[in-house]
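For reference, the structure is listed below as structure tokens.
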Amino acid sequence: MVYKLVYENLKHRPVRTLLSSLAIGLGVTMMLALVGVGEGMLEDQANRARGVGADLVVRAPGSSVVGMGSLSMNQKILDYVRAQKQVTLATPIGVHSTGGVSSIMGINYDEFAAMSGGFRFREGGKLTAPDDVIIDDLYAREKKLKVGSLLHTMNRDWRVSGIFASGKLARVMIPLTVLQELASANGKITMIYVKLDNPANTQAVINAMKQDLPEYPIYAMEELIKQFSVNNLPELKAFIGVVVSLAVLFGFLVVFLAMYTAVLERTREIGILKALGAGPGYVLGILLRETVLLAIIGSLCGIAMSYGTRWLIATFIPASMVQAIVYSWWPIASLITLAGAILGVLYPALKAARQDALDSLSYD
Amino acid sequence: MAIIEIDNLRKTFRSGDVDVHALRGVNLVVQKGEFLAVVGRSGSGKSTLFHILGGLTPPTSGTIKIDGQSLTSLDEAGRTRLRRNSVGFVFQKYNLLPTLTVRDNIDIARDIAGRSEPWDATFLEVLELLGIAQKLDRKPRQLSGGEQQRVAIARAIVNQPAILLADEPTGNLDTENSNMVLDLLRHLNKKTGQTVLMITHDPEAAAFADRTVQMRDGELHSA
């Protein structure tokens with residue numbers, strides 16, 4: 001019976017119910033979108049790293065495992081790596097940040113293509129001239145670029161010579177030598193991708209290299225890919241914590257205002273229930289159930305809206321951001337929202353439960 | 001057998017810096033199955049008596065017993081139990097829950113009393129008598145004032161309370177509907193033996209009762 005009353009109360013004020021649910025849902029969406037972007041971008045980064053086709057990578061001393069890195073490694077290391085007998089191919093990569101999380105990569109086109117199994121060009125083709133740039137299809141879509149378009153970055157214009165299917169380490173690639181020159185870092189690279197004659201020897205090769213290059217982080221690709229996790233990004237974890245706190249506060253405020261208004265609006269009805277013999281617990285139970293139902297509807301709205309944010313990201317900024325749908329966060333985000341909602345209803349519910357029956361019945 | 005026993009009941013309100021003596025030593029005995037009307041002008045104290053009998057407010061002093069149970073020493077929880085189990089209310093403004101159907105308005109009173117069994121045959125007959133048996137799925141806004149008051153009567157008696165308290169039950173109704181509601185109250189009283197205590201300022205309404213007492217300046221007098 002109480003559930004029927006709760007349901008009818010929610011149905012009686014459909015706009016209030018809808019707006020409250022959407023507002024509660026926004027908190028859920030905030031959490032799911034943030035976690036989804038974090039996971040999505042790491043997953044995308046991992047997929048693109050896989051697309052290189054290497055067995056191991058040698059990075060500059062002191063570089064972060066999942067960071068972009070910079071042109072800080074001496075290119076002569078490349079000669080040492082190529083000299084190892086199990087190495088069939090080693091190609092240097094230069095990374096230059098172009099702001100935020102965007103970067104441009106310098107490659108030796110033919111080597112890189114050989115290692116990764118070749119680019120699949122949607123349009124155009126390989127790097128041929130010093131001012132050529134190749135971009136992936138997502139970047140082309142986001143920036144509305146075609147073959148022959150000019151791309152302005154690093155204070156100069158580049159001609160788009162090819163648009164390739166995404167999944168090859170970077171979204172924007174230029175010749176490595178040009179990148180080194182522009183960054184005033186001739187002879188410097190960021191990392192070396194290495195292909196072995198037999199992937200089964202990867203660990204043995206790493207162990208041998210580490211003997212000679214003790215300061216250089218050397219990872220098997222699978223090991224590196226496993227490092228693409230939120231747990232290895234303390235800043236992201238801290239930011240998720242901030243957003244979770246905001247979502248709790250958001251849920252608290254929305255429910256507080258919605259239920260406080262509802263209690264004022266239903267003063268007389270609460271008086272009727274009390275006249276019929278309803279105790280404080282009964283009244284409290286009605287408002288708590290109503291809040292839980294609002295939080296559940298809000299969470300469902302929030303989950304649905306997180307598909308909306310994913311669509312927006314995929315449609316308008318597919319190269320800058322990727323949002324994954326992280327199912328494991330559905331119950332987490334819903335429970336966090338519920339906690340905020342229950343905190344929010346406590347004061348209005350206690351106020352209602354303590355209302356004097358006679359005063360409430362006289363309320364117009 | 002007395003179902004209501006009131007002895008020297010007093011109620012004093014504080015209004016600003018002034019004490020308002022709403023009840024000044026009321027004495028009253030109501031027998032089980034009696035239909036009693038309490039008449040009086042506005043401000044005579046009859047509503048205060050109604051509120052104390054219904055456990056909506058405590059008395060200042062005196063003794064009051066309903067069905068052998070003393071109300072004098074009851075705390076808020078005790079008065080809540082009294083409203084749940086021993087008293088049924090019919091208000092002037094009907095006081096139905098607007099979001100619920102007729103059926104649910106009646107059922108919520110049963111739910112509050114912790115009863116879940118289906119309505120018995122006697123109660124179904126009462127619904128027929130009240131003329132609302134065919135309107136159980138309607139919301140209050142789909143009913144006339146007279147019909148809403150009849151639903152309120154059904155809700156008040158669904159838990160078989162010791163007393164039915166009606167506060168100006170015809171105050172918002174026209175003559176035809178007033179007579180219908182009063183007839184029904186009298187019929188229920190005669191058919192089921194339900195004790196009814198009705199507060200009214202209308203002598204014509206009071207005429208439907210077995211006995212009438214007059215409330216004047218916080219004191220009761222035989223009419």
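Read-outs throughout are calculated quantities, based only on the coordinates presented, and are distinct from any laboratory measurement. Note that the coordinates shown come from a computational prediction; the quantities given were computed from them, not determined experimentally. Positions of Cβ are generated from backbone atoms using ideal geometry, with glycine treated the same way; all protein chains shown enter the neighbour counts.
Quick notes on this one:
- Chain B - percent relative contact order, Cα under 8 Å, separation 6 or more: 31 percent
- By DSSP, the beta bridges lying fully in the stretch A:61-216 are antiparallel in about 75 percent of cases.
- Taking 0.36 nm per residue of sequence separation and removing the Cα-Cα distance, the A:Ala165/A:Arg82 pair yields an extension gain of 27.0 nm.
- Dipole of the protein assembly as shown, positive end: most advanced residue of A:Ala295, A:Ala353, A:Ser166 [Cβ charges, Cα centre]: A:Ser166
- Simple rule: put +1 on each Lys or Arg Cβ and -1 on each Asp or Glu Cβ in the stretch A:35-107, find the dipole, and look at A:Ser70, A:Leu89, A:Gly53; the Cα lying farthest toward the positive end is A:Leu89.
- Farthest towards the positive end of the charge dipole of chain B, among the residues B:Gly131, B:Thr212, B:Ser86, is the Cα of B:Ser86, using unit charges on the Cβ of Lys, Arg, Asp and Glu.
- Cβ crowding within 10 Å ranks B:Asp137, A:Asp132 as B:Asp137, A:Asp132, fewest other Cβ atoms first.
- Geometric extent, Cα atoms of the stretch A:2-92 - Rg, Dmax (angstrom): 26.4, 79
- Per residue of B:93-103, other chain Cβ atoms within 10 Å of the residue Cβ number 5 on average.
- Exercise: per-residue mean of other protein chain Cβ atoms within 10 Å, A:276-285: 6
- Extent along principal axes [Cα atoms of the stretch A:231-364; Å; largest to smallest]: 63, 29, 20
- Listed from fewest to most Cβ neighbours within 10 Å, the set B:His201, A:His96, B:His221 follows the order B:His221, B:His201, A:His96.
- Peptide-level mean, for A:265-272, of C-beta atoms on other protein chains within 10 Å: 4
- Check: the protein assembly as shown dipole with +1 on Lys, Arg Cβ and -1 on Asp, Glu Cβ, in debye: 440 debye
- Within the stretch A:291-350, the proportion of Cα pairs with more than 14 Å between them is 62 percent.
- Dipole moment magnitude, nearest 20 debye, the stretch A:61-216 about Cα centre, only Lys, Arg, Asp, Glu C-beta charged: 300 debye
- Using only alpha-carbon positions in chain B, the gyration tensor eigenvalues give semi-axes of 28, 19, 17 Å once each is multiplied by 5 and square-rooted (largest first).
- Of all beta bridges that DSSP places with both ends in chain B, some 55 percent have antiparallel geometry.
- Whether the stretch A:120-165 is rounded, prolate or oblate, judged on the alpha carbon gyration tensor where a/c under 1.5 counts as rounded: oblate
- Applying a threshold of 21 Å to the alpha-carbon distances of A:Lys85/A:Lys195; A:Lys143/A:Lys188; B:Lys93/B:Lys135; A:Lys143/A:Lys168; A:Lys143/A:Lys226 flags A:Lys143/A:Lys188; A:Lys143/A:Lys226 as lying beyond it.
- Relative contact order %, the stretch A:95-178, counting alpha carbon pairs below 8 Å whose residues are six or more apart: 40 percent
- Where both bridge residues fall in the protein assembly as shown, DSSP classifies roughly 65% of the beta bridges as antiparallel.
- Neighbour-count order for B:Tyr94, A:Tyr307, A:Tyr282, fewest beta carbons within 10 angstrom listed first: A:Tyr307, A:Tyr282, B:Tyr94
- Semi-axis lengths, Å, the stretch A:61-216, gyration tensor of Cα atoms, sqrt of 5 times eigenvalues: 29, 17, 13
- Positive minus negative residues near A:Thr98 (Lys, Arg vs Asp, Glu; Cβ under 13 Å): +3
- In this simple spin-label approximation, A:Arg48 and A:Leu358 carry label points 7 Å from Cα along the Cα→Cβ vector, and these lie 7.3 nm apart.
- Virtual spin-label span in nm between B:Thr12 and A:Glu181, 7 Å along Cα→Cβ: 10.4 nm
- Relative contact order (%) - criterion: Cα under 8 Å, at least six apart; region: the stretch B:1-112: 25 percent
- Rg over Rh for the protein assembly as shown works out to 1.31, both radii taken from alpha-carbon positions and Rh defined as the Kirkwood radius.
- Mean residue ellipticity (222 nm) of the protein assembly as shown, computed from DSSP H runs ≥ 4 via -39,500 (n - 2.57), nearest 500: -15000 deg cm²/dmol
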